[in-house]
Amino acid sequence: MIVTTTAQPSERIARQASHLSRELSATLKPRGNLTVRKLMAMSEDGRLIVVTEQEVRYYEGQTDSPFYFHPSMAFVRVKRLRRGDTDPLIELSGCEAGDRVIDCTAGLAADSLVFSYAAGPQGSVTAIESEPVLCAIVRLGLAGYETGLPDVNAAMRRIELRCMNHGDYLSSLPDKSADIVYFDPMFRQPIRESSAMEPLRAMANMDALSEEVVEHAKRVARKSVVLKEHQASGEFARLGFERKHVNSSKIAYGVIEL
């Protein structure tokens with residue numbers, strides 16, 4: 001994998017690119033006049049990260065469409081919370097101000113952001129992501145993305161993102177040391193209409209949840225353990241969750257109340 005910058009990088013993005021290359025054990029290469037396609041052809045595994053002033057862009061294979069951090073629908077959901085509306089995940093999980101939440105499958109940290117806003121400054125969200133490249137891109141996005149709303153920016157900055165296996169993290173925690181443990185693994189049955197998820201699927205950990213991990217989650221959580229899946233998924237029954245439909249959506253939440 002190669003890490004590079006724009007053609008005339010500022011000192012800030014040059015430092016960021018250097019740090020990323022060390023973190024991901026990638027080759028740091030000056031951009032010069034090289035195009036994205038030429039750099040990807042030079043990369044042994046066809047992977048490329050371009051650090052720009054606005055974002056960190058990840059390219060893989062032959063695609064010209066990069067993956068980058070964005071809050072997407074999470075921003076819309078948080079804006080609804082700001083005006084006093086409800087959110088199905090917050091309602092079903094029982095999340096309140098001051099709660100400690102563990103998001104075991106961070107991905108783009110969309111649900112982490114919704115939890116962080118709902119839990120407020122007195123609460124906390126620890127987001128776990130096992131894939132190093134995805135974790136690095138999302139961590140930098142959470143630290144630098146500007147929504148135009150100071151309270152939403154603050155909610156993003158409060159999220160603590162850790163690059164590790166969620167099973168290892170949960171097993172290390174004391175009993176009842178969090179309020180809510182949340183899982184949003186890559187769906188066993190993908191929703192293909194969700195085009196925003198396709199670049200993520202190529203990067204994400206595709207492993208199914210294990211019963212052992214769910215047992216650790218039940219031990220660690222005080223209020224609830226929540227699973228997000230396709231509404232027709234058999235994972236709810238397999239893992240002991242009570243399925244909760246969300247209006248006409250194709251997704252559903254499974255809840256274990258404690």
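The values are calculated or read from the model by the stated rules, or taken from the named source; none is laboratory data. The shown structure was predicted, so the numbers you read here are calculated from the model rather than taken from an experiment. Using ideal geometry, Cβ is built from the backbone for each residue, glycine included, and neighbour counts are taken over all protein chains shown.
Residue-by-condition table, conditions (1) assigned by TED's automatic domain parsing to the domain that holds ALA136; (2) touching a Cys at 6+ places or on another chain (Cβ under 7 Å); (3) at pLDDT below 95; (4) of a type in the set (Gly, Ala, Ser):
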position	(1), (2), (3), (4)
SER21	no, no, no, yes
THR27	no, no, no, no
THR35	no, no, yes, no
MET40	no, no, yes, no
PRO66	no, no, yes, no
ARG83	yes, no, no, no
ILE90	yes, no, no, no
Of the residues that make up segment 33-49, is at least one within 18 Å of ALA143 (Cβ to Cβ) and surrounded by 19 or more Cβ atoms within 10 Å (Cβ to Cβ)? yes
Give me a count of the residues in segment 71-95 that are surrounded by 14 or more Cβ atoms within 10 Å (Cβ to Cβ), in a loop (DSSP other than H, G, I, E, B) and either in contact with a strand residue (DSSP E or B) (Cβ under 9 Å, 6 or more places away or on another chain) or in contact (Cβ under 8 Å) with a residue 60 or more places away in the chain (or both). 3
Residue ID - farthest from the chain's Cα centre (by Cα), chosen from residues in segment 211-241 that are part of a loop (DSSP other than H, G, I, E, B) and modelled with pLDDT of 95 or more: GLY240
From the list ALA196, ALA155, which residue is assigned by TED's automatic domain parsing to the domain that holds ILE137, modelled with pLDDT under 95, of a type outside the set (Val, Ile, Thr) and not in a loop (DSSP other than H, G, I, E, B)? ALA196
Counted residues in segment 96-108 being surrounded by 19 or more Cβ atoms within 10 Å (Cβ to Cβ) and more than 18 Å from ILE256 (Cβ to Cβ) come to 3
Just checking, which of ARG22, ARG57, ARG15 is under 20 Å from the mean Cα position of the chain (by Cα) and free of Cβ contacts under 8 Å to residues at least 24 places away in the same chain? ARG57
Answer residue from segment 206-258, given it is of a type in the set (Gly, Ala, Ser) and exposed (fewer than 13 other Cβ atoms within 10 Å of the Cβ) and is farthest from SER171 (Cα to Cα) among those: SER248
Yes or no: segment 114-127 includes at least one residue that is touching a Leu at 6+ places or on another chain (Cβ under 8 Å), assigned to a helix (DSSP H, G or I) and hydroxyl-bearing (Ser, Thr, Tyr). yes
